Amino acid sequence: MTDAQSRVTAALEAAKAAVKTESAALNALRQQAEAADDYRQIMNAMGKHVFGYYGQLQEKELEKYWSKRDDIVYAHGSMAYYGRENVYNYYTGMTSAMKAQGRAVAEKFYGEKFDSQYGPGYKVMNMLLSPYVEIAKDRQTARGVWMAYAYMSHLNQETGKPETSLGLSRYSAEFIREDGQWKLWHRVDHMECGLEYQGMGMMAPPPKGGKTDQPAGGPPMPTIAYVGQKTLVQKSGTNSPCEPSYPEPKIPEPYETWKEENSYIVVECDGYDASKYKP
C-alpha cells in the first residue's frame, strides 16, 4: 500500500468514526427530546383531567384524554370504579346529579332557573403541586404522584345556603401511550384531611321569588345506582390528631416495562366494603 493509499484509508476510517460519534450524539439528543415531550404530554394529560373536572366537562374529558382501554380506574381513596362503562357512569353521573341539585336549589330558594348544562353553586377546583413522574424505559407507560389543594362548594339542599370545603390530598396516576399520545389510565386521590367551612368565601344571593328562610326539606339529591366498585388496598390520612402520615402513594421508581404488581391499583375485594374505606 502506498503512502497515498494509507492516507486515504486513514481518512476514511476517521470519517467513519466521526459519523459514528455524531450518530450516537444525535441518537442521545433524540432520546432526550422524546423524554421531554413524553413528560410534557403526561403533565398535560393530568392538567386536562383537573380542568375537565373544574369545567364540568367529564364526558369530553373521558372521550378525549383518557385511555380507550376497558380497564381504566377512577378512585377516591380505597373506593374505586373499575372499567370504562362504570367510570363513565359514576364520573358523569355524579356531576349531572350535583348540577341537577344545584339547579333545583337555586330555583326553590332564589327563583333562578338555569339550563341543564349548568350547576349553580357546584364548583370543584384541584390545584396540583410537586409532580414526580417516572416514564418506563420502553415509553409505553408512566406513573406519577402529586400533592394537591382541593376546594369544593355546593348549595345546601335543605337551606339553600352556599357551603364550601377545603382538602389536602395526594394523587397517584398511571398513564399509557396510545397511537403516540399519552392518555390517563388509572387515577386515585388520597385525601389527607378535609375541612368544612360553611359559607366561607361565598355569599348567598338575594332571593328572587324564593325564600331563604324556608324549612328543611329542599330538593333531594338525585340517586344513582353505581356499579363496578372495587375496594383498593391503601392507607390515607384522616383528620384525627393521632393519625400518622402514611408514605402513600409511593414515589415511582425507574422501571423498564409495565408490571401489574407495581401498579398503584391493588384490589382488595370486589364491591365496596365501607369498613375498609379510607377517604
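Looking at the range 101-131, which of the residues that are part of a helix (DSSP H, G or I) and in contact with a Phe, Trp or Tyr (Cβ under 9 Å, 6 or more places away or on another chain) is surrounded by the fewest Cβ atoms within 10 Å (Cβ to Cβ)?
So in the range 101-131, the residues part of a helix (DSSP H, G or I) come out as 101-110.
Adding the requirement that they be in contact with a Phe, Trp or Tyr (Cβ under 9 Å, 6 or more places away or on another chain) leaves 101-103, 106-107.
Working: Q101: 23, G102: 22, R103: 22, A106: 23, E107: 17.
Applying the filter and picking the extreme gives E107.
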Legend entry - Selection within the range 54-74 - modelled with pLDDT under 90 and either outside any helix (DSSP H, G or I) or in contact with an Asp or Glu (Cβ under 6 Å, 6 or more places away or on another chain) (or both): G55, Q56, L57
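With the requirement that a residue be touching an Asp or Glu at 6+ places or on another chain (Cβ under 6 Å) and closer than 29 Å to D70 by Cα, what does the range 84-136 give you? Before you say what the answer is, go through the steps one by one.
First, the residues of the range 84-136 that are touching an Asp or Glu at 6+ places or on another chain (Cβ under 6 Å): 84, 92, 106, 113, 135.
Matches in the range 84-136: R84, T92, I135.
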Inset, instruction - Just one of (1) within 22 Å of K123 (Cβ to Cβ); (2) of a type outside the set (D, E); (3) not in a helix (DSSP H, G or I) trips up A80, so point out which. - result: (1)
Legend entry - Residue ID - farthest from D179 (Cα to Cα), chosen from residues in the range 135-150 that are at pLDDT 95 or above and of a type in the set (A, V, I, L, M): V145
Legend entry - Complete set of residues in the range 45-56 that are without any contact (Cβ under 8 Å) to a residue 24 or more places away in the chain and surrounded by fewer than 17 Cβ atoms within 10 Å (Cβ to Cβ): F51, G55
Legend entry - For A25: the one exception among (1) exposed (fewer than 12 other Cβ atoms within 10 Å of the Cβ); (2) under 13 Å from the mean Cα position of the chain (by Cα); (3) hydrophobic (A, V, I, L, M, F, W, C): (2)
Inset, instruction - Could you check, for the range 95-114, whether at least one of its residues is in contact with a Lys or Arg (Cβ under 7 Å, 6 or more places away or on another chain), free of Cβ contacts under 8 Å to residues at least 24 places away in the same chain and of a type in the set (F, W, Y)? - result: yes
Inset, instruction - Give just the number: which of (1) over 20 Å from T164 (Cβ atoms); (2) surrounded by fewer than 20 Cβ atoms within 10 Å (Cβ to Cβ); (3) touching a residue at least 60 places away in the same chain (Cβ under 8 Å) does K64 not satisfy? - result: (3)
Inset, instruction - Among what's in the range 242-270 and is assigned to a loop (DSSP other than H, G, I, E, B) and loosely packed, with under 10 Cβ neighbours inside 10 Å, pick the residue that is modelled with the lowest pLDDT. - result: C242
Inset, instruction - Test A28 against the criterion of being small (G, A, S), over 21 Å from Y122 (Cβ atoms) and part of a helix (DSSP H, G or I), and give yes or no. - result: yes
Inset, instruction - Would you confirm whether any residue within the range 193-202 is part of a strand (DSSP E or B), surrounded by fewer than 19 Cβ atoms within 10 Å (Cβ to Cβ), modelled with pLDDT of 90 or more and touching a strand residue (DSSP E or B) at 6+ places or on another chain (Cβ under 7 Å)? - result: no
Legend entry - Flag if M46 is in contact with a strand residue (DSSP E or B) (Cβ under 9 Å, 6 or more places away or on another chain), among the hydrophobic types (A, V, I, L, M, F, W, C) and within 30 Å of G160 (Cβ to Cβ): no
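Yes/no matrix, rows are residues, columns are (1) small (G, A, S); (2) within 20 Å of P247 (Cβ to Cβ); (3) more than 14 Å from the chain's Cα centre (by Cα):
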{"residue": "Q117", "(1), (2), (3)": "no, no, yes"}
{"residue": "E134", "(1), (2), (3)": "no, yes, yes"}
{"residue": "V145", "(1), (2), (3)": "no, yes, no"}
{"residue": "L155", "(1), (2), (3)": "no, no, yes"}
{"residue": "G160", "(1), (2), (3)": "yes, no, yes"}
{"residue": "L166", "(1), (2), (3)": "no, no, yes"}
{"residue": "F175", "(1), (2), (3)": "no, no, no"}
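The values are calculated or read from the model by the stated rules, or taken from the named source; none is laboratory data. Owing to the predicted nature of the structure, the values given are computational and were not obtained by experimental measurement. No Cβ is skipped: glycine too gets one built from the backbone with ideal geometry, and neighbour counts run over all protein chains shown.
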